[in-house]
Amino acid sequence: MCLAIPGKVVAVEGRSARIDYSGVQREALLDLFPEVQIGDFVLVHAGFVIQRLEQREADEILEQFRQIMAAEEGAGET
């Protein structure tokens, strides 16, 4: 099973983009979504952008991840 975390496109050059994941940046290919632009939120799998998200969708997913992480941290305090 794969888990894709939304990232924000911070640069586009040719057929690749630099994606920012809360301060960690990675490169991804735009072969499947060549219309992606700086500022878009995307999901990446195996080095390829596989989905473009609206900011609202990305914010909701990221909030769910924050809640999961907070719950896990709280569970460790016994």
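Here, each number is a calculation from the coordinates, and none is a lab measurement. The structure displayed is predicted, hence computed values, not measured ones. Positions of Cβ are backbone-derived with ideal geometry, glycine not excepted, and every protein chain shown enters the neighbour counts.
Between residue 22 and residue 48, take the C-beta separation as r, use R0 = 22 Å, and let me know the FRET efficiency to the nearest 0.05. Show your work: numbers first, answer last.
Working: r = 21 Å, r/R0 = 0.94.
Computed FRET efficiency for residue 22 and residue 48 comes out at 0.60.
What value in Å³ per residue do you get for the convex hull of the alpha-carbon atoms in the chain? List each step's numbers first, then the result.
Values: hull volume 7.3 nm³, N = 78.
Hull volume over Cα atoms, normalised by residue count, gives 94 Å³.
Considering only the chain, what is the antiparallel percent among its DSSP beta bridges, to the nearest 5?
Values: 18 of 19 bridges.
In the chain, DSSP labels about 95 percent of beta bridges as antiparallel.
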